[in-house]
1. Evaluate the Kirkwood expression for the hydrodynamic radius of segment A:335-488, namely the inverse of the mean inverse distance over all pairs of different C-alpha atoms, and round to one decimal in Å.
2. Lysines within cross-link reach of B:K387: Cα-Cα under 25 Å, excluding same-chain residues under 8 positions apart?
3. Picking from B:L417, B:L253, B:I586, whose Cα lies most toward the positive end of the charge dipole for the protein assembly as shown (charges on Cβ: Lys, Arg +1; Asp, Glu -1)?
4. For B:A501, which sequence-distant residues (separation of 5 or more, or a different chain) have an amide H within less than 5 Å of its own amide H, given hydrogens modelled in the peptide plane?
5. Please list the non-local residues whose amide H lies under 5 Å from the amide H of B:K742, H modeled 1.01 Å from N, same-chain partners needing a gap of 5 or more.
6. Find, to one decimal place in angstroms, the Kirkwood hydrodynamic radius of chain A, where the mean of 1/r is taken over every pair of different Cα atoms and then inverted.
7. Near B:A114, within a Cβ-to-Cβ distance under 12 Å, what is the net charge of the other residues, with Lys and Arg +1 and Asp and Glu -1?
8. Could you work out [θ]222 nm for chain B from helices alone, using -39500 (n - 2.57) per DSSP H run of at least four and dividing by all its residues? Round to the nearest 500 deg cm²/dmol.
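Readers should treat all values here as calculations from the given coordinates under stated rules, not as data from a laboratory. Treat the numbers as computed from the prediction; the structure is a model and nothing was measured. For neighbour counting, all protein chains shown are included, and Cβ atoms are generated from backbone atoms with ideal geometry for every residue, glycine included.
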2 protein chains.
Amino acid sequence: MSPEYAVIGKSVPRIDSPVKATGEAKYFSDMTMPGLLIASLVRSPHPHARIVNIDSRAAERLPGVKAVITGKDTLGVKIGPLRSSRDRQVICLDKVRFIGDCVAAVAAVDADIAEEAAELVKVDYELLPAVFDPEEALKQDAPKLHDHARDNISMRRYWNLGDVDKGFKEADYVREDNFTTAPNMHGYLETDGCIAQCDIDGKYTLWVTTQVPFYLRRDLAMVLDIPYTRVRVIKVHVGGGFGGKTELFDFHLAAAVLARRTGHPVKYTQTKREEFLAGLRRIPTRIWLKTGVKKDGTIMAQESKILTDGGAYTSVGPVTIYNHGLAHMLPYRVPNFRHQALRVYTNNPVSGPKRGHGQIQVRFAIESQLDMIAEKLGIDATDIRLKNALRPGDVTLSKLRIGTSGLQDAILTCRQLSGWVQKRGQRRGVRGVGMGCGGFACGPRTAALSDSSAIIKINEDGGAVVLSGASDIGQGINTLLAQITAEVLGLTVGDVTVVAADTDTTPYDPGTYGSRVTFYAGNACKRAAEQVRGILAGVAAQKLEVKPEDLEFRNRWVFARKAPDRRVSFAELVRTAQVSDSKGVIFGSATYYPDGVEWPDPQNSYVGNISGAYSFSAQVAEVEVDAETGHYKLARMTLGDDCGYPLNPMSAEGQVEGSVSNGQGELMYEDIVTKAGEVRNPGYTDYKMPRVQDTPQMHTVHIETNDPNGPYGAKEVGEGFIVSTTGAISCALHDATGVWVKDLPITAEKLFWAMKQAKEKK
Amino acid sequence: MSPEYAVIGKSVPRIDSPVKATGEAKYFSDMTMPGLLIASLVRSPHPHARIVNIDSRAAERLPGVKAVITGKDTLGVKIGPLRSSRDRQVICLDKVRFIGDCVAAVAAVDADIAEEAAELVKVDYELLPAVFDPEEALKQDAPKLHDHARDNISMRRYWNLGDVDKGFKEADYVREDNFTTAPNMHGYLETDGCIAQCDIDGKYTLWVTTQVPFYLRRDLAMVLDIPYTRVRVIKVHVGGGFGGKTELFDFHLAAAVLARRTGHPVKYTQTKREEFLAGLRRIPTRIWLKTGVKKDGTIMAQESKILTDGGAYTSVGPVTIYNHGLAHMLPYRVPNFRHQALRVYTNNPVSGPKRGHGQIQVRFAIESQLDMIAEKLGIDATDIRLKNALRPGDVTLSKLRIGTSGLQDAILTCRQLSGWVQKRGQRRGVRGVGMGCGGFACGPRTAALSDSSAIIKINEDGGAVVLSGASDIGQGINTLLAQITAEVLGLTVGDVTVVAADTDTTPYDPGTYGSRVTFYAGNACKRAAEQVRGILAGVAAQKLEVKPEDLEFRNRWVFARKAPDRRVSFAELVRTAQVSDSKGVIFGSATYYPDGVEWPDPQNSYVGNISGAYSFSAQVAEVEVDAETGHYKLARMTLGDDCGYPLNPMSAEGQVEGSVSNGQGELMYEDIVTKAGEVRNPGYTDYKMPRVQDTPQMHTVHIETNDPNGPYGAKEVGEGFIVSTTGAISCALHDATGVWVKDLPITAEKLFWAMKQAKEKK
């Protein structure tokens, strides 16, 4: 299956590994500049209040303080990452809506003074009644957060595809279950922040740890009401993103305004506590799920109602809520589907995107329920998945066009490698195995400009420079771009420099989210490299008297495929081309957007093929449970990953393992405990995540499907893999204990009580 | 003549004026970084010596010193800006050849410690006999500087075109004169220097005040023996260049090696004294010149022998020595020409390029001699120039193809505006006027890659970003690139961001020298912008149902030329194009090199058309002389400038005035006084340059010839104008005093003695 590549498909070490491993890499917090000031933000201690007055005189008098700003120093533009979610003044003018909402900011010569000054800013609040539960928020007499939403509904979506009632009628078995999932954090080590600078021309430059430099430029230009040419956003090394660093936050605007006000560069570094308060969290959900199947396990219909707590603002809600529906369309064939999702405003922290965005919650519910159904019908859990799996060529109810799918292969592979047959159904309260499956889009079309683009320029000595807007946030896209360029041009990875993610110097790319980057930016880069190869092939053809299409580029040589001694070195060829009058400096540029892809139609149950390809995954989790205490351990994961073709197997495996670790945390431990809008565990002392010693053995198998739309056959692997992890563990726990816990996270305590209750029932 | 442009031809303020005027602009010396070290260089106090031993132990022991390196820590690669001038190890290994030659370098935590450490480096020298006069150096028993040049000849060139002997035979009047010119400095306010950094991957990044970032990358890669991908050179704001910052110097290599050695960024800032010792200087010349004319002033033949003191190394000598010959080909018709030039090694500081490179010396001689001839024949000095002036369509003896020439127009304009007829020939020892003329190539073809290139990308909101390798060193090319882009796309200058002169992020450009930048980089930028306009015109044509060629782009609108209400805003058009499947992100890229231009053939008297166009200038200088003391004042300059078409008249005028000021200094004051290889006036206290109060009234008239090869008709204006200044002043002094001083600079003292001698002769 896998073609003979020179660089692609090899486990090339990340090109940024040396600087990161040695600590040499400069993150924004390492950076300094002459005259750098430090910013601190003043945040609301109340979940809901009107701002009556802000007195900043005491703060301004503190020696070392250079400026204090409030919402009145901004234009008060309401912002949100999508056109339909612009409901937030990131620095509040009139009202605060959650504990942590920003009301003012100070800049001072050092962090101590800045913090002290922030405390000296006196804010008079008129307290307002608050609401913290989405069901409560829907009641007629509930406190209202926003004028534009008197019902506190932030977003509402319906899907109705096929004939659901008929489907349930034709089913042999129908069941309904309720599931809940908790809010959780992205858990990156590097907290958020930036350095902002504003020159005398009013041009802002931001050095940011972000996933979306071009969106940041767009949104900063919007809130400052200036053209894009006046904003430059430079992504520096990012210490983790996972969806959390995907929009304009209060501190970006505050640092920009403070920089303009003072004429100095201003740095803001979020504390871990602030991140828990004011960062984005995984949206907590309440899911009612109904599924009907034939006796043989064939799914006939599915219906769900999902109520989510969006917190005080909508953030990327339009995508989140679409993804709730989308999660039913992959990875199984569902012939009839009805769905209602409601995102509700509350005075809790804001919910936003996180790896497996909007889908992981639903997949947990569906995978758990599918095992319940299989058990009831006496079908093996892997067989029911095999039966319903989407096949190549399938078109889903919502018109997703499945080009390639390795799901059945992944299920079979995992079943075999995990020792499924021997281990499944022992039910000794000690060990259990469970399977979860998932599918994921390789980059959705959003309402915003979704294209990736790339420019490649060739150095005079034959090296290549890739200019790409893509954002490497640790997932390794820069290395892949180097590999792709090297493969096309017959160079080595070391011959390629990647310049990326700077809105002034690199071409447009929407950013790192939705598992789009390899697919989009990789394809753009491949096309640009092919353009360069085309130019050079023309020159080489003349020089070697060979047809351009008979030339091969490999190992820094260009030669006739059938007569390899007719050859010229790449460097020599570049020199020849550059001094020829017709060519000159060699470069290529390309933009990529997949054909036949559309933003799903909201008027028609979101029907539309949102992506150029879909990845699939199957996972078998093996757990060890202490039946007396409920403590359990995730012992082993067998991972079948259809990412099309792994351009860098080591890197792909890292993504797979990272997804599993994230999903494990989400299923086993992670929960932002909030009381009356106040986060009670705002730090890693009390917020539990998996550590090295909690990490299971993992065995990854790449299922190669070589998608024709992907660059060298590749599909996504960065995000999709997480959606099948929670289901696999949930099902394994049931296999071990016979009980279901339908409320994430499944802590030892919950499992203990569930087992106790089950025992008492018997 | 001048077309109706919206942005071109307007005196747009420089886009970098605000940051420069407020002091906000960051020059390399303003920059700081975590862990920055300061470098100091150890320079030879001897003009010629063998390095016996270097003991750096005392320096290394000094607290705060991080590293000491010598030539042995380098590969000892011999370097030079051209292939035929690679005769210099910038950090000496065996031998020093002038006072200031670098032998070692230290890096320390601050400048004081670095300087102290440099003094502690103990170098044992074996002194060698030295030679300081080029004629002495040619003698058989002279000390030899280089093994490869046992005759101390660095470069030797002959031209022989037409039949010179016949020409002189047919002449009615022939005369011979000897002229000499002094070495002088560029006189930039910002001394040279850089910051170098080397990461763990061995990638070097240099922030440099330079005119030639791509050449620096090339040469640093060569001396470090690494590929270009391992070197990134970023030009920062430059505080003056004028030819002085055009090659790899000792400190670039030293900073790079120290950065690699220490793992820290290393900054080196040259002192003004070091600049006089170790920087490049204007090459001093001895010129023997013979010209034969008909009675009516028509030049029949010219012959010259030029002996120059190149100093210890060759630098850009191959170009300098070519330019000596070239200076005879412009701006007059010369039908027969013979020429010999000799560049000699001496133990003086190194001679390199400076504004008017290699030509200003010759032009001073020719213009002075032409006035002597005119006086002898009783022809007005302006008439003899008119008669011999190159006309459009002329092809010179050396095959320079003169497309456009406004020289006759410039002469007539200056004659009229200066009040020539009233003022000339009064000879009262008080006032005098003189004319000088010149011509200049718009960028020569050199042996190296001469193309400029540009990439333009369009922001999502309709702004434009130009990526250009061109180096703005204060001449304002960034502003011109913004104007050109704005003109092509119908935008304003503020809509355009220019990113320039960074070898990683911007496309290739050889740099700022030879007055090539507007012509080459401007044309590349124009082509790239036209490519963008072509893409957008296609989209607009479809949208507006108009043929693409009938569309006009102006004032941020695109409309049908004949039906302006059929229109779409540029921003709206960009949005339409970007979301169309066929276009996506919009960019254009282009490379420019003029057709039919060649590196002149050294085998055939340097015959060849070296440039795509030639600019011309005429100047009338008016001087006021104190006949008793010889003190004189340059009162007024009338300046006729054929730069084709002034893209930015204010900026062009600035270049003209800057050239005049430079030329004035060169004629009146500037002289590096060297005794036995030691510079005796290494600083602005003793080295005299024109100050504001010395600056004449200047009146500039742009003669528009609209060269078809230039971008919007533009030819060069940055450098060529200087070559006619010295002649004009020299002739004006003669007009006032009746004496000739043939030895630059014409100081008051020299003039006094010349007048005294003339008086005594009578």
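1. After inverting the mean inverse Cα-Cα distance, the result is 20.3 Å.
2. B:K387 reaches B:K166, B:K169, B:K290, B:K294, B:K295, B:K376, B:K399, B:K423, B:K715, B:K742.
3. Comparing the listed Cα positions along the dipole, B:I586 ranks first.
4. B:S468, B:G469, B:A470
5. Hits under the 5 Å cutoff: none.
6. One over the average 1/r among Cα pairs gives 27.2 Å for chain A.
7. The answer is -3.
8. -8500 deg cm²/dmol
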